[in-house]
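Only one structure is covered here, and it is reproduced in the block below.
The values are calculated or read from the model by the stated rules, or taken from the named source; none is laboratory data. Keep in mind that this is a model prediction, so the values were computed, not measured. Heads up, the Cβs are rebuilt from the backbone with ideal geometry, glycines too, and the neighbour counts pull from every protein chain shown. Protein only, heavy atoms only, side chains kept; ligands, DNA and RNA dropped before computing areas. Shrake-Rupley method; radii C 1.70, N 1.55, O 1.52, S 1.80 Å.
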Amino acid sequence: MGADPQATPAWTAQSAVHAEPVTAGQFLHRLAAPLAVVHRIPGPHAGRLAGAPRHRTWRDYLHNRLDTYAAAAPDFAPAHRRELDATDRDTEPKLLHHDLQPGHLVRPTSGKPLLLDWELAAFGDPLSDLARLAVRLDLPDPTGVLHLVHRPDPDAVRRFCLYWRIHQLADAALSTDPVVRQRGRARLG
């Protein structure tokens with residue numbers, strides 16, 4: 001997906017992209033502009049773009065995810081339902097990459113940066129994208145990525161921290177990478 005703020009982003013599927021990844025040291029700095037473009041794209045529903053039920057609200061989608069995680073890892077049964085109901089409001093769904101990590105932002109030799117690897121794309125609260133990124137980067141202070149939000153609302157930090165814990169639970173319950181799954185379980189321990 002292109003990151004040109006003046007153009008409508010175009011979808012691309014199964015296309016070869018010849019570009020170098022943005023270095024890890026520049027990743028958070030360079031991600032802000034493309035992510036702002038992506039997070040302006042509204043969706044008609046909440047949840048995954050393909051292959052999953054569509055939900056009326058973001059809260060409904062998150063409850064569905066918590067059910068999935070509890071079924072996959074009952075020893076880490078989620079205790080976040082009440083907090084979710086108390087924290088999350090019915091957000092207008094926006095496009096989420098939902099698997100942001102170094103290597104997914106590339107810069108072709110000519111042109112604007114591109115975000116790759118959209119298999120986990122969903123519509124929901126953009127703070128969830130940042131929470132997933134904080135989990136992927138294994139940041140000691142996950143709120144360090146909040147500078148990527150243009151104007152966070154007053155409830156943003158609380159919602160962000162809840163999403164961060166939910167993404168840790170997702171890793172502990174469903175990650176196909178044993179190292180990531182073990183790290184997720186250790187964090188929740």
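On a 0 to 90 degree scale, rounded to 10, what angle separates helix 126-137 from the longest Cα axis of the chain?
90 degrees
Using only helices, what value at 222 nm comes out for the chain when you add -39,500 (n - 2.57) per DSSP H run of length 4 or more and divide by the total residues, to the nearest 500 deg cm²/dmol? All intermediate terms of the calculation are to be shown ahead of the outcome.
Values: 6 runs with 79 residues, N = 189.
Result for the chain: -13500 deg cm²/dmol, rounded to the nearest 500.
Taking the Cα centre of the chain as origin, sum charge times position over the Cβ atoms of Lys and Arg (+1) and Asp and Glu (-1), and report the length of that vector in debye to the nearest 20. Intermediate results must be reported in sequence, preceding the final value.
On the way: 23 positive and 21 negative charges, 18 e Å.
Around 80 debye, computed over the chain.
Residue-wise, which Karplus ³J(HN,Hα) couplings in Hz belong to region 95-101, taking 6.51 cos²θ - 1.76 cosθ + 1.60, θ = phi - 60°, and x for glycine or proline?
Coupling constants for region 95-101: 5, 10, 6, 6, 8, 5, 6 Hz.
Please give the helix 58-72 orientation as an angle from the longest Cα principal axis of the chain, in degrees from 0 to 90, rounded to the nearest 10.
70 degrees
For a quick check, take a GNM of the chain with Cα springs below 10 Å and name the residue from 23, 57, 176 with the largest mean-square fluctuation.
Between 23, 57, 176, it is 176 that shows the largest mean-square fluctuation.
Let me have the relative contact order for region 136-189, percent, based on Cα pairs under 8 Å that are six or more residues apart. Write down the numbers at each step before the final one.
On the way: 28 pairs, mean separation 13.7, N = 54.
RCO, region 136-189: 25 percent.
From the list (i) 15; (ii) 27; (iii) 20, can you say which value of percent of Cα pairs over 29 Å apart was derived from the structure given?
The calculated read-out lines up with (iii).
If you average 1/r over every pair of different alpha-carbon atoms in region 19-129 and take one over that average, what Kirkwood value in Å do you get? Could the numbers behind the result be given before it?
On the way: mean 1/r = 0.0650 Å⁻¹.
For region 19-129, inverting the mean 1/r across all distinct Cα pairs yields 15.4 Å.
Using only the alpha-carbon atoms, how far is helix 156-174 inclined from the longest principal axis of the chain? Give it as 0 to 90 degrees, nearest 10.
80 degrees
Tell me which residues come under 5 Å, amide H to amide H, from residue 48 once H is placed; ignore anything under 5 positions away on its chain.
Counting only residues 5 or more places away or on other chains, the set is 123.
What whole number of Å gives the distance from the Cα centroid of region 119-180 to the Cα centroid of region 34-99?
Between the Cα centres of region 34-99 and region 119-180 lies a distance of 11 Å.
Once label points are set 7 Å from the Cα along Cα→Cβ at both residue 71 and residue 139, what is their separation, rounded to one decimal in nm?
Going from the residue 71 label point to the residue 139 one covers 3.2 nm.
From the protein chains alone at 1.4 Å, what is the descending order of accessible area for 145, 157, largest first? Write out the running numbers ahead of the final one.
Numbers: 145 0, 157 80 Å².
Putting 145, 157 in descending order of accessible area: 157, 145.
Compute the FRET efficiency between residue 52 and residue 157 as 1/(1 + (r/R0)^6), taking r as their Cβ-Cβ distance and R0 = 22 Å, and round to the nearest 0.05. Numbers along the way, then the final one.
Working: r = 28 Å, r/R0 = 1.29.
Rounded to the nearest 0.05, the efficiency is 0.20.
Quick one: ranking 158, 185 by accessible area, 1.4 Å probe, largest first, what do you get? If you can, show how the numbers build up before the last one.
Values: 158 120, 185 60 Å².
Solvent-accessible surface, decreasing: 158, 185.
Can you give me the relative contact order of the chain as a percent, contacts being Cα pairs under 8 Å and 6 or more apart?
Working: 298 pairs, mean separation 44.1, N = 189.
Relative contact order here is 23 percent.
Amide H of residue 41: which non-local residues (sequence gap of 5 or more, or other chain) have their own amide H closer than 5 Å, using H built in the peptide plane?
95
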